[in-house]
Amino acid sequence: MVDIQSSVSEVTSSSDRYVIAISGGVDSAVLTHIFYELKLNFRTVFINHNQKGSEELKQSAQALSDILKLNHKCIETDIEIDSSETLMREARYKALNNDIDEKEILVTAHHRDDKIETFFINLLRGTRLKGLTSIALKRNNIIRPLINISKSQIIEYAKDNDIYFQNDVTNFDNSISRNWIRNELIPEVENRFPGNLNNKITDLILEIEERTKEDTEITKYIKCAPGYFEVPSCLLKHNSSETNYLLSIISRLVGQSGLQTSDIKNMFKALSSGKQVSYFENWIVSRQLGLLMFVNKEEWKFKQNTNSFGYFQFVTTDSSETRNNWSLALRNISNNQISFESVSPGDFIILDNKKQKVSEVLRSSGIQDVLREVWPLVKKDDEVIWIPGLRKSDNVKVKEFESTKNINIITASIEKSTVGNF
C-alpha cells in the first residue's frame with residue numbers, strides 16, 4: 001500500500017506557503033492532518049455554499065481547525081439553494097482564487113477515485129481525447145497531493161489516526177451525475193466486468209497522457225501571458241483533430257477538466273462573429289485580427305512585483321533613444337502619482353486639444369471589445385496621460401527636454417510566452 005504521507009511529502013516543500021481547500025469531509029480532513037504532521041506552512045479555507053448539509057460541514061471544518069489550532073477562515077458565497085455542482089465549483093474556485101495571494105499554492109483533496117469519476121463524466125459529456133486525462137497532480141498554482149491515493153486508503157488513514165470529519169449527505173443523492181457514476185455506474189460495471197476498474201482506467205489515462213504529450217511543433221503557436229492565451233485563427237478548422245488538440249490544451253490551461261463539444265461551438269462562434277463570447281468561469285473568448293484570444297479580466301491586472309499588465313511589460317529608466325507611443329517621458333514625477341489601471345467607462349484623454357473618451361480612441365485604433373476593457377492606461381493623479389502603444393495626452397507630450405535631469409522614461413512592450421509544460 002502506498003504511504004500517503006510520503007506521497008504528500010514528495011510534492012510539497014517546507015519553504016512554500018499553502019492554502020488547503022477544506023470541505024469538512026474525510027478527504028480534506030486527512031490532507032489537512034498530513035500537512036499538520038509534516039509541519040508545512042499552511043492555512044485552511046472553507047467555502048460555504050449554503051446548500052443542504054453545508055452547516056454541518058462548516059462546523060466540521062471549524063472543529064478540525066480548532067483541534068489542530070490552525071489559521072482557518074470561512075468564505076460565504078451567495079449562490080442559490082439547490083445550485084448545480086458546476087455552479088458551486090465555479091463559485092468555489094473564484095472565491096479561493098480571490099482569497100490566496102500570488103505566493104501561496106492552492107491545495108485540493110482530489111484523489112484517485114475522483115480521477116476515475118471525472119474520466120467517466122468527461123467521456124459521457126463527449127469530451128475530446130485530452131480531456132480524458134482527467135485531473136492533474138499539478139496545474140498552474142494548484143496541487144492535488146492525494147490524486148494517486150484511493151478513497152479506501154484515505155478512509156483507512158482517517159480511522160488509524162482518529163481524524164474528525166463529517167460525511168456529506170449529498171454524496172448519496174444519485175440525481176447528481178457524479179454520485180450516480182460513483183454509486184451506481186461504477187459498481188455495475190465492476191459487477192459485469194471482473195477486474196479492478198480503477199487500475200484499468202488509470203492505465204488508460206496514463207496511455208492517453210503519453211500519446212498526447214506536448215507537441216512543440218503545434219503548441220509553439222499558442223502564446224500566453226497572465227490572464228491571456230491566443231492561437232492563430234488560420235490553424236482552426238472544423239472537425240480537425242489538430243484543432244481539437246490545440247483547443248483542448250487551452251481548455252486545460254484555463255482550468256477546465258476537459259474540452260466539450262459546446263466549448264468548441266463557442267470558440268467558433270466567437271471566431272465567425274467577431275464578438276466576445278463567455279467561455280469558462282471568468283474567461284472570455286474573442287477574435288482580434290488573425291487571432292482567437294482567451295482573456296480573463298480578473299487576472300489581467302497590474303502586478304507590481306513584475307511590472308506586468310496582461311501581456312504588457314513596463315520598464316522605468318532615466319533614458320530612452322526613441323520617443324514614441326511606446327514610451328513616456330515624465331519630469332519630477334513620484335511613483336505615488338502614477339498608476340496603471342484598466343479602462344473605466346468615464347475615462348477621458350486630452351488629444352489634439354480635445355477631451356476624448358478613451359474607449360472611442362481604442363475603438364478607432366481597431367482594438368476589439370474584450371481588449372478595450374482590459375487595455376492598460378497610465379494615469380497621473382487620476383488623469384489619463386498615456387494609452388500605451390497608441391496615444392499620449394497633449395499634457396505630457398514633450399519634443400525634447402533641455403536636460404535629462406529629473407526625467408523618468410516609462411517604456412512599454414508586449415511580451416507573450418510560448419506554452420510550456422501543461
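Any residue at all in segment 169-191 that's of a type in the set (S, T, N, Q) and surrounded by 19 or more Cβ atoms within 10 Å (Cβ to Cβ)? Taking every residue of segment 169-191 in turn, none turns out to be of a type in the set (S, T, N, Q) and surrounded by 19 or more Cβ atoms within 10 Å (Cβ to Cβ). When the residues of segment 374-422 are narrowed to those that are of a type in the set (Lys, Arg) and modelled with pLDDT of 80 or more, which ends up farthest from Phe229 (Cα to Cα)? Within segment 374-422, the match that is farthest from Phe229 (Cα to Cα) is Lys380. Remark: Lys115 falls outside the filter, which requires a residue to be within 22 Å of Ile34 (Cβ to Cβ), out of contact with any His (no Cβ under 7 Å at 6 or more places or on another chain) and surrounded by fewer than 19 Cβ atoms within 10 Å (Cβ to Cβ). Candidates in segment 113-149 are the residues that are among the polar types (S, T, N, Q) and outside any loop (DSSP other than H, G, I, E, B); of these, the one that is modelled with the lowest pLDDT is Thr133. Restricting segment 36-65 to residues that are crowded, with 22+ Cβ neighbours inside 10 Å and touching a Phe, Trp or Tyr at 6+ places or on another chain (Cβ under 7 Å), the residue that is nearest to Gln5 (Cα to Cα) is Leu64. Just to be sure I understand the filter: pairs with C-beta atoms under 8 Å, separated by 6 or more residues or on different chains, first member in segment 95-120 and within 18 Å of Pro145 (Cα to Cα), second member of a type in the set (Phe, Trp, Tyr). Which pairs pass? Short answer, once both residue conditions are applied: Glu104/Tyr18; Ile105/Tyr18; Leu106/Tyr18; Val107/Tyr18; Val107/Phe35; Val107/Phe42.
Here is a check on your reading of the model: is Asn161 within 22 Å of Ser6 (Cα to Cα) and surrounded by fewer than 15 Cβ atoms within 10 Å (Cβ to Cβ)?
On the way: within 22 Å of Ser6 (Cα to Cα): yes; surrounded by fewer than 15 Cβ atoms within 10 Å (Cβ to Cβ): yes.
Judged against the criteria, Asn161 is a match.
Pairs meeting the criteria (first residue in segment 150-172 and modelled with pLDDT under 90, second residue outside any helix (DSSP H, G or I) and of a type in the set (Ser, Thr, Tyr), beta carbons under 8 Å, at least 6 apart or on different chains) are Asp168/Ser23. A single member of Arg92, Arg125 is basic (Lys, Arg) and crowded, with 19+ Cβ neighbours inside 10 Å, and it is Arg92.
Within the group Val378, Val384, which residue is in contact (Cβ under 8 Å) with a residue 40 or more places away in the chain, closer than 26 Å to Asn305 by Cα, among the hydrophobic types (A, V, I, L, M, F, W, C) and outside any helix (DSSP H, G or I)? Write out each step before concluding.
Numbers: Val384 fails: in contact (Cβ under 8 Å) with a residue 40 or more places away in the chain.
Unique residue meeting the criteria: Val378.
Does Ala29 qualify as being surrounded by fewer than 18 Cβ atoms within 10 Å (Cβ to Cβ) and small (Gly, Ala, Ser)? Spelling it out, it is not the case that Ala29 is surrounded by fewer than 18 Cβ atoms within 10 Å (Cβ to Cβ) and small (Gly, Ala, Ser). Restricting Ser7, Ser15, Ser23 to those that are more than 20 Å from Ala91 (Cβ to Cβ) and in a loop (DSSP other than H, G, I, E, B) reduces the list to Ser15.
Just the residues that are surrounded by 17 or more Cβ atoms within 10 Å (Cβ to Cβ) and either under 15 Å from the mean Cα position of the chain (by Cα) or part of a helix (DSSP H, G or I) (or both), please, taken from segment 236-252. Give the derivation first.
Let us first name the residues in segment 236-252 that are surrounded by 17 or more Cβ atoms within 10 Å (Cβ to Cβ), namely 236, 243-252.
Scanning segment 236-252 gives Thr243, Asn244, Tyr245, Leu246, Leu247, Ser248, Ile249, Ile250, Ser251, Arg252.
The values are calculated or read from the model by the stated rules, or taken from the named source; none is laboratory data. A quick note: this is a predicted structure, and the numbers were derived from the prediction, not measured. Virtual Cβ from ideal backbone geometry, glycine too; neighbours counted across all protein chains shown.
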